[in-house]
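Chemist: This is the structure, below, for whatever I ask next.
The values are calculated or read from the model by the stated rules, or taken from the named source; none is laboratory data. Quick caveat: nothing in here was measured; it's all calculated off a predicted structure. All Cβ positions, glycine included, derive from the backbone under ideal geometry; neighbour counts span all protein chains shown. Areas reflect the complete protein model, heavy atoms only, side chains present, ligands, DNA and RNA absent. Shrake-Rupley method; radii C 1.70, N 1.55, O 1.52, S 1.80 Å.
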Amino acid sequence: VRPSMVPPPEIRQLRDLTRYRKSQVDTRSKEIQRLEKVLQDADIKITSVASAVWREIIEALIAGERDPAVLAQMAK
């Protein structure tokens, strides 16, 4: 029986990074959806009106933006 091919370390690192990035993107999407659901449960239907703006604000919050003036400017 021939042994399985083991990719070189560079390929393994690239695969690991790709898998990690996918898991991070999936987690981020799930958290945004969870937040949208919480807001909808509170009768705040912002996502149906301005989903692109809403996502931009959420992504800014995830990136660490905390200045209310900057976040309010995004809503305009």
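Chemist: What is the dipole size for the chain, taken about its Cα centre, with +1 at each Lys and Arg Cβ and -1 at each Asp and Glu Cβ, in debye to the nearest 20? Mind showing how you got there, number by number?
Modeler: Working: 14 positive and 11 negative charges, 95 e Å.
Its charge dipole is roughly 460 debye.
Chemist: Ignoring ligands, DNA and RNA, what percent of the 1.4 Å accessible area of the chain is carbon and sulfur?
Modeler: Result for the chain: 58 percent of the exposed heavy-atom area is carbon or sulfur.
Chemist: In square nanometres, what is one fourth of the surface area of the convex hull spanned by the alpha carbons of the chain?
Modeler: Working: hull surface 33.8 nm².
Projected over every direction and averaged, the Cα hull of the chain covers 8.5 nm².
Chemist: Considering only 18, 64, 6, whose Cα is most displaced toward the positive end of the charge dipole of the chain, charges sitting on Cβ of Lys, Arg (+1) and Asp, Glu (-1)?
Modeler: 6
Chemist: Calculate one ³J(HN,Hα) per residue across segment 28-33 by plugging θ = phi - 60° into the Karplus curve 6.51 cos²θ - 1.76 cosθ + 1.60, and present them in order as whole Hz with x for glycine and proline.
Modeler: Result, rounded to whole Hz: 4, 4, 4, 5, 5, 5.
Chemist: Relative to the longest principal axis of the C-alpha atoms of the chain, give the angle of the C-alpha long axis of helix 51-63, reported between 0 and 90° and rounded to the nearest 10°.
Modeler: Taking the Cα atoms of the chain, the angle to 51-63 is about 60 degrees.
Chemist: Do the sum for the chain: with -39,500 (n - 2.57) for every DSSP H run of n ≥ 4, divided by all residues, what is the mean residue ellipticity at 222 nm, to the nearest 500 deg cm²/dmol?
Modeler: -25000 deg cm²/dmol
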